[in-house]
Amino acid sequence: MNYHAPNAAAPHADVADICLANARLVLSDRVMTGSITVENGVITAITEGDAIPEGAIDCGQDFVTPGLVELHTDNLERHLEPRPEVDWPVVSALVAHDAELASTGITTVFDALRAGSIHTGKAGYGDYARKVADHLLATRAAGMFKISHFLHLRAEICSETLLEELERFGPEDRVGILSLMDHTPGQRQFRDLTALKAYVAKKRGMNDAEFAEHVEHLLGLQEKFGERHEVGAVAEAKRLGAVIASHDDTTAAHVARSAQNGVGFAEFPTTVEAAQACRDNGIAVMMGAPNLIRGGSHSGNVAAKDLAEAGLLDIISSDYVPAAMLTSAFILADIWGDLPRAISTVTHNPAKAASLDDRGALAVGLRGDLLRVRRVNETPLLDGVWVQGRRVS
């Protein structure tokens, strides 16, 4: 699969020319002092040395990396519903979300939209994916975004209307990723019901009896729909031409099922066992940047640092904190002693997992999506973000 269709995701028609010089270029295999030139939105030259050509920007030995590629973020939902039960205008939310991501160095994003709703029970939620997708595609076509946006459908297995909602999408929507989500209580992410209770009670204001009723309701939905929804979602992903991702794999059996479903990458496996099984089955492992920065999972699952130290971490997602993505890459660089490898977890590896072959590395012929970064003590600071050579932050 190749998303590099003409103008399919270009955020602007007015791509630009730029040369960043006297920079520490983070290439795929080394860090090299040199300059990088972008013309008509594409990298056309990479030259070693500290010379500063006329008209170039002197980076003063700052790092230059590819733009960050984000495969799974809940950040858009925060803009759509800034407070519980407060619906924000969709286009305004999209533009604000886009600007925030640009300011953190994310130049390509797969916006995660939930597909599958629950219309009964205490904590039900409605259908919104098709509506938001329509606005997103129209906003993109109008050139209103600073960065590249693609669709990621989160297929909620434990829901009532998953397949009906997925049927509203077609190949023309160019859905990039479809992830298989099963948030049934007592397994995967929420094996520990106390963690689920703390999350739901805070978000939905449930008392003990209401929480118990909620759990029973979700268990009933999983029993009624689980198998049919998983099989149907895999078929829909193939119809849409989307990469399939698993979510919260916990056991080797979960991973075996993921491999059977044709999963390309695993979002947030919850145990070392699952991460190792992913590696054994050729499935890339994604973990969340907040987990890495905080030193552990907020749900009590495996720490991203442990997977990194075991060599079982391939991709980092900002998850629910966009600014965490760049910081996490430099934390990994300290763990591994290898900055190019660490930067690849937020650039080349996610691009490869999503079948985007036109970005994710500093190489001639790829998109001119670039970051200028300097590190002050332990904190990476962005001094510039360019998308196809055009400065966006």
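Worth pointing out:
- Relative contact order (%) - criterion: Cα under 8 Å, at least six apart; region: region 131-184: 43
- Considering only Ser103, Ser179, Ser317, the mean-square fluctuation computed in a Gaussian network model of the chain, springs between alpha carbons under 10 angstrom, is largest for Ser103.
- Area accessible to solvent at Phe330, 1.4 Å probe radius, in Å²: 10
- Of Asp248, Asp134, Asp182, the one that fluctuates the most in a GNM where the chain has Cα springs shorter than 10 Å: Asp134
- Within a Gaussian network of the chain (alpha carbon springs, distance under 10 Å), most fluctuating of Asn207, Asn40, Asn291: Asn207
- Rounded tilt (10° steps) of 193-204 against the dominant C-alpha axis of the chain: 80
- The residues neighbouring Ile331, those whose beta-carbon lies less than 15 Å from its own, together hold a net charge of -2 under the Lys/Arg +1, Asp/Glu -1 convention.
- For the chain, the longest principal axis of the Cα atoms and the long axis of helix 208-240 meet at an angle of about 60 degrees.
- Here the alpha carbons of the chain define both size measures, Rg and Dmax, at 20.9, 71 Å.
- Spin-label model, Glu81 to Val364: label points 7 Å out along the Cα-to-beta-carbon direction sit 5.1 nm apart.
- Theoretical ellipticity at 222 nm over the chain - DSSP helices of four or more residues, -39500 (n - 2.57) apiece, nearest 500: -10500 deg cm²/dmol
- Farthest towards the positive end of the charge dipole of the chain, among the residues Ala342, Val26, Ser103, is the Cα of Ser103, using unit charges on the Cβ of Lys, Arg, Asp and Glu.
- Charge sum, other residues only, whose C-beta stays under 13 Å from Leu313's C-beta, Lys/Arg counted +1 and Asp/Glu -1: -2
- Taking each residue as 0.36 nm, the span from Leu137 to Arg30 lengthens on full extension beyond its C-alpha to C-alpha distance by 34.8 nm.
- Prolate/oblate/rounded label for region 198-336 (Cα gyration tensor, a/c 1.5): oblate
- With a Förster radius of 45 Å applied to the C-beta separation of Glu167 and Asp208, the computed FRET efficiency comes to 0.75.
- Measuring r between the beta carbons of Ala256 and Ala303 and using R0 = 35 Å, the FRET efficiency lands at 0.90.
- Separation of alpha-carbon centers, region 250-276 and region 65-112, rounded to whole Å: 27
- Cβ-based net charge around Val38, under 10 Å, with every Lys or Arg adding one and every Asp or Glu removing one: -1
- On Cα atoms only, tilt of 129-141 relative to the major axis of the chain in degrees: 20
- The mean sequence separation of alpha-carbon pairs under 8 Å and at least six residues apart, normalised by the residue count of region 288-379, gives a relative contact order of 20 percent.
- Using only alpha-carbon positions in region 220-276, the gyration tensor eigenvalues give semi-axes of 20, 16, 8 Å once each is multiplied by 5 and square-rooted (largest first).
- If R0 is taken as 25 Å, the Cβ-Cβ distance between Met144 and Leu381 corresponds to a FRET efficiency of 0.35.
- Viscosity 0.692 mPa s, temperature 37 °C, Stokes-Einstein D of region 288-393 from Kirkwood C-alpha radius, µm²/s: 226
The values are calculated or read from the model by the stated rules, or taken from the named source; none is laboratory data. Remember, it's a predicted structure, so these values are computed and weren't measured experimentally. Positions of Cβ are backbone-derived with ideal geometry, glycine not excepted, and every protein chain shown enters the neighbour counts. The area values use the complete protein model at the heavy-atom level, side chains included, leaving out ligands, DNA and RNA. Shrake-Rupley method; radii C 1.70, N 1.55, O 1.52, S 1.80 Å.
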